[in-house]
Amino acid sequence: MRMLFRLLALFALTLVAACGPEPSAPEPEHGPAIWRVQQGMLDGWIFGTIHVLPKGVAWQTRAFRDAIGQADRLVLEAADLQDSQKTLALFEKMGRSPGLPPLEARIAPADRGALEQIVASGGTSTQALAGYESWAAAMLLSAATQQALHVSQDNGVEPALIAAFKAEGKPIGGLETVERQFAAFDTLPEAAQRRLLAQTVREAKDMRALYDRILNAWMKGDMAAIAKEDEIGEQPDPLVEEAVLIARNRDWVKAIEPMTGRPFIAVGAGHLTGRDNLIDLLKAKGFSVTRMQ
């Protein structure tokens, strides 16, 4: 189920908006994972985020608050993450193409019933999605599936981080741009995009259970449990995994290498586990990376 979780972690921030029940707060000694990262003139933090949350999740521990209090700036995945209008405009520009085949024709006949269930529950239709390239249609289907989760971008980690750093007058930057994020999918061969689309459709029925497991593990900082999700269900297409996850992690290392000062670096928790994850790549470059929560 790894790649479906990647879709949830990567793009749900801009494509999903809902609200839901309040879960219980984490134990005081537990919380989402934080690492101290140091090399040369750099002495900062890496925090694993989850981009959409139910209402009322109490995830801000004392260790987290201390870290952002000491940090001199916030570094998100994308520099322009705060501009939702720009993000959606880019999605429309990059995700649409003329003369595309019907969405049903891009998946196997056995998966078409599941596709119809997703679009019906998400309040859309296959006709409305037909103008989107296969990767973009997969994004929108993932978003439609998430409507039933009762999660919201407003409750996600990034808005809270942005508000905290803005309140202190501290700068906010990014490791890449939203355009670079979308380009990771947009440049995939059509065959790989269709495999991603089919996998999104097939795994949608298990989204509720997957999200609940991920949320529970994230709240406890249980990276081993998050990594275990990589072993469950259908494995991702190697081309998709390389473009969407591994290549971006390598690019992020290059962005972090020249940094100095005390940045608070916040990226999706899925980038911090598994093969060629950001933590391991930084260690391989000689960074001291120490788990502190």
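The values are calculated or read from the model by the stated rules, or taken from the named source; none is laboratory data. Bear in mind that the values here come from a model prediction, so they are computed numbers and not experimental data. Ideal geometry is used to build each Cβ from the backbone, glycine not excepted, and the neighbour counts take in all protein chains shown. When the accessible area is computed, the model is the full protein with side chains, heavy atoms only, and any ligands, DNA or RNA have been set aside. Shrake-Rupley method; radii C 1.70, N 1.55, O 1.52, S 1.80 Å.
Taking the alpha carbon gyration tensor of region 123-248, what are the square roots of 5 times its eigenvalues, largest first, to the nearest whole Å?
Values: eigenvalues 135, 80, 60 Å².
Gyration-tensor ellipsoid for region 123-248: 26, 20, 17 Å.
How much length is gained if the chain between Gln70 and Ala183 is pulled fully straight, taking 0.36 nm per residue apart and subtracting their Cα-Cα distance, in nm to one decimal? Before the final figure, lay out the partial values.
Working: separation 113, 0.36 × 113 = 40.68 nm, distance 3.40 nm.
Contour length minus Cα-Cα distance gives 37.3 nm.
So, in nm, how far is label Ile162 from label Asp212 when the simple model puts each one 7 Å beyond its Cα toward the Cβ?
According to this spin-label approximation, the distance is 3.1 nm.
What Kirkwood Rh does region 57-161 have if only Cα atoms enter the pairwise 1/r average? Answer in Å. Each step should come with its number before you reach the end.
Working: mean 1/r = 0.0602 Å⁻¹.
Kirkwood hydrodynamic radius for region 57-161: 16.6 Å.
Express the accessible area of the chain per residue in Å², computed with a 1.4 Å probe while the remaining protein chains stay in the model.
On the way: 12130 Å² over 293 residues.
I get 41 Å² per residue for the chain.
Restricting attention to the alpha-carbon atoms of region 48-93, what are Rg (one decimal) and Dmax (integer), both in Å?
When restricted to Cα atoms, region 48-93 yields Rg and Dmax of 14.3, 42 Å.
Mind putting together the pair-distance distribution for region 238-293? All Cα pairs, 10 Å bins, whole percent per bin, short to long.
Taking every Cα pair in region 238-293, the percentages come to 21, 58, 19, 2.
With an 8 Å cut-off on Cα pairs and a minimum separation of 6 or more residues, tell me the relative contact order of the chain in percent. Show your work: numbers first, answer last.
Numbers: 501 pairs, mean separation 110.5, N = 293.
Relative contact order here is 38 percent.
Okay, helix-only estimate at 222 nm for the chain: each DSSP H run of n ≥ 4 adds -39500 (n - 2.57), divide by all residues, round to 500 deg cm²/dmol; what do you get? Walk me through the numbers on the way to the answer.
Details: 14 runs with 137 residues, N = 293.
Only helices count here, giving -13500 deg cm²/dmol.
Provide, as a two-decimal number, the C-alpha radius of gyration of the chain over 2.2 N^0.38 Å, N being how many residues it has. Walk me through the numbers on the way to the answer.
On the way: Rg = 18.6 Å, N = 293, 2.2 N^0.38 = 19.0 Å.
So the Cα radius of gyration is 0.98 times the expected 2.2 N^0.38 Å.
Dipole of the chain, Cα-centred, from +1 at each Lys and Arg C-beta and -1 at each Asp and Glu C-beta, to the nearest 20 debye?
On the way: 31 positive and 36 negative charges, 61 e Å.
Roughly 300 debye, rounded to the nearest 20.
Could you check how much of the accessible area of the chain is carbon and sulfur, as a whole percent, using a 1.4 Å probe?
Numbers: 6500 of 12130 Å².
Reported share for carbon and sulfur atoms: 54 percent.
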